[in-house]
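First up is the structure itself, then whatever we jot down about it.
The values are calculated or read from the model by the stated rules, or taken from the named source; none is laboratory data. The structure displayed is predicted, hence computed values, not measured ones. Ideal geometry is used to build each Cβ from the backbone, glycine not excepted, and the neighbour counts take in all protein chains shown.
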Amino acid sequence: MTRILLISGSTRDGSTNTAALRTVHAIAPEGVETRRYQGLLELPAFVPGADPANYPAVVGLREALAWADAVLISTPEYAGTLPGSLKNLLDWTVGTADLHEKPTAWLTVAAPGRGDGATATLSSVLGYVGADVVPAACVRLPVLSADVAADGLVTGRAFRDGALEALDALVLHTRAARSV
């Protein structure tokens, strides 16, 4: 079993990033267990040097990351970069090794020409914390609000096929890394 933590960088209800990860969760194949991280709004502002044990939401984040064999992120771009809430989550992993050498990838659901600032920043921060970024699993699969059904899942076959391919690449890399 490969366990993958799904992290949406959006705090907005109806987010296409969250819908994308909700869909990945729904279509994950046998042998892959996914869990959607839902504590982004509860995380306190990062305080360098603070004891994470003093913050239940940070303890929950660290437990979720410890559970996961790999991480898949989908985030919007705000003002040309990552949303502050996702950057805050990543800041809580600096110096903790929570993401160090952990296979990590992202799904960009923005239309071509958009979201590149968020992806560049995400790549930079993940490199800084020593995450094992899996390029074959980092893909752009545009999703419009109209592509999301009432149940919150992305309906398009192209998205679902592409998401499964990305998930497969992340799983294969993760399993190979574990066997070394």
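Residues in the stretch 146-159 that are in contact with a helix residue (DSSP H, G or I) (Cβ under 6 Å, 6 or more places away or on another chain) and in contact (Cβ under 8 Å) with a residue 40 or more places away in the chain: 4 in all.
Only one entry of V143, V125 meets the criterion of being in a loop (DSSP other than H, G, I, E, B), surrounded by 15 or more Cβ atoms within 10 Å (Cβ to Cβ) and β-branched (V, I, T), and that entry is V143.
Quick check on L167: is it touching a residue at least 40 places away in the same chain (Cβ under 8 Å) and under 16 Å from N17 (Cβ atoms)? It is true that L167 is touching a residue at least 40 places away in the same chain (Cβ under 8 Å) and under 16 Å from N17 (Cβ atoms).
Looking only at the stretch 1-22, residues that are closer than 18 Å to G115 by Cβ and out of contact with any His (no Cβ under 8 Å at 6 or more places or on another chain) come to 14 in all. The residue pairs whose first member lies in the stretch 111-127 and is within 18 Å of T16 (Cα to Cα), whose second member is of a type in the set (K, R), and whose beta carbons are closer than 7 Å, counting only pairs six or more residues apart or on different chains, are P112/R140.
Residues are listed down the side, and each one gets a yes or a no for (1) basic (K, R); (2) part of a loop (DSSP other than H, G, I, E, B); (3) surrounded by fewer than 18 Cβ atoms within 10 Å (Cβ to Cβ); (4) under 13 Å from the mean Cα position of the chain (by Cα):
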residue	(1), (2), (3), (4)
L72	no, no, no, yes
P76	no, yes, no, yes
A97	no, yes, yes, no
A111	no, yes, yes, no
R114	yes, yes, yes, no
T121	no, no, no, no
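Taking the criterion of being modelled with pLDDT of 95 or more, farther than 18 Å from L164 by Cβ and not polar (S, T, N, Q), the residues of the stretch 1-15 that qualify are I7, G9. Just one residue in the set G162, G127 is under 19 Å from V32 (Cα atoms) and of a type outside the set (A, V, I, L, M, F, W, C); that residue is G162. Out of the residues in the stretch 16-63 meeting the condition of being at pLDDT 95 or above, part of a helix (DSSP H, G or I) and among the small types (G, A, S), tell me which one is surrounded by the most Cβ atoms within 10 Å (Cβ to Cβ). Going through the qualifying residues, I end up with A20.
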